[in-house]
Amino acid sequence: MRGNIKARETLQVLLDYPEREYPEPEEMDPKKKDKKAPPPKKKKKKEPPFPTPEWAEELQKVIEKVKEMQDLAADKVNLKLDDEFIHKVGE
């Protein structure tokens with residue numbers, strides 16, 4: 001029973017971790033020289049820093065949390081985890 005609860009709590013912690021959005025990299029082709037200067041870039045509003053949860057401050061801790069979730073999901077029969085839960089883990 002404890003393992004089932006731990007698996008659900010771990011999954012919730014991982015799901016609550018927001019996904020980062022990265023801008024598309026600009027293509028720079030040195031062979032293609034455009035005589036036109038690129039238009040000046042507009043100043044963007046400064047975005048607030050990415051909110052990192054306390055448990056995810058170090059990469060090693062994040063790796064351990066993901067490995068823990070994989071181990072718990074692998075023991076789905078003993079922990080009585082349903083297929084819907086395993087599908088969420090796979091995402």
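The values are calculated or read from the model by the stated rules, or taken from the named source; none is laboratory data. Predicted, not measured: the structure shown is a model, and the values here were computed from it. As a convention, Cβ positions derive from the backbone with ideal geometry for all residues, glycine included, and neighbour counts pool all protein chains shown.
Considering segment 69-81 alone, what residues qualify as being touching a residue at least 60 places away in the same chain (Cβ under 8 Å) and surrounded by fewer than 16 Cβ atoms within 10 Å (Cβ to Cβ)?
Selection gives Asp75, Asn78, Lys80.
Is it the case that some residue within segment 5-26 is closer than 30 Å to His87 by Cα, of a type in the set (Lys, Arg) and at pLDDT 80 or above?
Checked segment 5-26: at least one residue is closer than 30 Å to His87 by Cα, of a type in the set (Lys, Arg) and at pLDDT 80 or above.
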